[in-house]
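Here the structure is laid out as structure tokens; the discussion comes afterwards.
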Amino acid sequence: MKVPMLDLKPQYAQIKDNVVREVLAVMESQGFILGPRVEKMEQELATYIGAKHAVGVSSGTDALLLSLMALQIGHGDEVITTPYSFFATAGAVARVGAKAVFVDIEPDTFNIDASKIEAAVTPRTKAILPVHLFGQCADMDAIMAIARKYRLPVIEDACQSIGSGYNGKQAGTIGDFGCFSFFPSKNLGCFGDGGLVTTNSDEQGDHIRKLRVHGGAKQYHHLEVGINGRLDAIQAAVVSVKLPHLAAWTESRRENAARYNQLFAGNKNVRPPVEKAGRKHIYNQYVIQVEKRDELKQHLTEKEIGCAVYYPVSLHEQECFKSLGYRRGDFPNSEYAANHTLAIPVYPELPSEALEFVATTINSFTRG
Ligand SMILES: *Cc1c(COP(=O)(O)O)cnc(C)c1O
């Protein structure tokens, strides 16, 4: 049996009629940049996420970049973040000229260890940038307590966590900004690149809207320098068609995760992901930890089972961040995760026989 890591085609089959109609309507209108479809999508997403403002932008990366720009973070500033994330988290910090200050992760959730943040705060710290990795929120109560104590803004990288819950709140509504991605492999993906910034601040919502069109308050009049960070109408139309399905797709991911958890329960050589109390994990990725990760990955590949390593290199060990001065051994939990985690298929339409085949193959290999 061949099992892909992610198969978007069954999802497309569910929405095809609507999505084709909506995309055609954009083409008929010949209005491609921002406009009414982007505004409609922004309102729908603000409601779904539970934020006052949602601003459609060109990608998750640009959502992070625009949030950092809105806070006027730049040269000489430090931003506290996690070394275990997709590159864009730290890339955006470097892009505005600031320095990423890494804090190690919790070994069970893979999210930034809030108990280690305070020791990293300096007079140059200008923000905290936690990532809600794989679909589960970081420990936001502890993070917000430190943020209040030192008067630091918080940017949530919720690119993998749309609809993820934390003590009755949703990812992207707790800090000052929430950053989301519509990259096709995310739980709510468009047909290309796209993203969203959420905020409960009227002033910052307005600010992000200006920054995404080169910083102009009105056309051709600029008080500050922004970027071209707009979202296309076609992408917004796709997101609007998909959004009504998102809750059901999320439930399917959670059911798949629960089934895997059961199947791995008797196997001490596989550590399934941990969902902490008070949190709702939305399983953008289902990530296990195994001792012989690379051997397992190779075995699954031979059996035509898709799997992926997110992420094989801790950000503090990236060549381009050499000048930050970190060394191997600085963040042992992040380094351990980079060498022992493996993501396996969890997409909503994954057939149950395929899921069982994946789990059985992993169990027989790891039980040796
Ligand atoms: C996907 C992702 C991003 C970047 O989103 P793009 O839309 O691909 O630019 C940033 N951070 C995390 C944690 C992500 O998973």
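The values are calculated or read from the model by the stated rules, or taken from the named source; none is laboratory data. The structure displayed is predicted, hence computed values, not measured ones. Counting neighbours? That spans all protein chains shown, and the Cβs are built from the backbone with ideal geometry, glycine included. The area values use the complete protein model at the heavy-atom level, side chains included, leaving out ligands, DNA and RNA. Shrake-Rupley method; radii C 1.70, N 1.55, O 1.52, S 1.80 Å.
Quick look at the numbers
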item	result
GNM flexibility winner over the chain from Ala265, Ala308, Ala277 (Cα, springs under 10 Å)	Ala277
Selected from Val346, Val274, Val238 as most flexible by GNM, with the chain as the system and alpha-carbon contacts under 10 Å	Val274
Percent carbon-and-sulfur accessible area, the range 1-94, ignoring ligands, DNA and RNA, probe 1.4 Å	58
Options His340, Asn284, Val274, ranked by Cα towards positive dipole end of the range 245-367, top entry (Cβ charges)	Val274
Percent accessible area from carbon and sulfur atoms, the range 245-367, protein chains only, probe 1.4 Å	49
Charge dipole magnitude, Cβ of K and R +1, D and E -1 - the chain, Cα centre, debye nearest 20	160
Charge context of Asn256, other residues only, Cβ under 14 angstrom, K/R +1, D/E -1	-4
With DNA, RNA and ligands ignored, accessible area of Phe110 (1.4 Å probe; Å², nearest 10)	10
Antiparallel DSSP beta bridges within the range 131-209, as percent of all bridges there, nearest 5	60
Local net charge near Leu350, Cβ-Cβ under 12 Å (Lys/Arg +1, Asp/Glu -1)	-3
Exposure ranking of Val23, Val287 by accessible area [1.4 Å probe, largest first]	Val23, Val287
Whether the chain is rounded, prolate or oblate, judged on the alpha carbon gyration tensor where a/c under 1.5 counts as rounded	oblate
Gaussian network model of the chain, Cα within-10 Å springs - most flexible of Val154, Val309, Val57	Val309
Simple Cβ-charge dipole of the range 245-367, Lys/Arg +1 and Asp/Glu -1, about Cα centre, in debye nearest 20	420
Between the range 23-83 and the range 96-149, the alpha-carbon center distance in angstrom	22
Inter-label distance, nm, simple model (7 Å from Cα along the C-beta direction), Lys268/Glu224	5.6
For the range 137-276: rounded, prolate or oblate by the Cα gyration tensor [a/c cutoff 1.5]	oblate
Computed E for Ala120/Gln14 - FRET, C-beta separation, R0 45 angstrom, nearest 0.05	0.50
Solvent exposure ordering (accessible area, 1.4 Å, most first) of Tyr311, Tyr150, Tyr283	Tyr150, Tyr311, Tyr283
Point-charge dipole on Cβ atoms (K/R +1, D/E -1) for the range 136-263, about Cα centre, debye to 20	80
Nearest-10 value in Å² for the accessible area of His222, using the 1.4 Å probe	100
For Thr125, distant residues with modelled amide H under 5 Å away	Glu78
Selection from Cys190, Gly178, Leu246, by position along the positive dipole direction of the chain (Cβ)	Gly178
Heavy-atom surface of the range 217-368, accessible at 1.4 Å and reported per residue (Å²)	50
Bridge type composition, the chain - antiparallel percent by DSSP, nearest 5	65
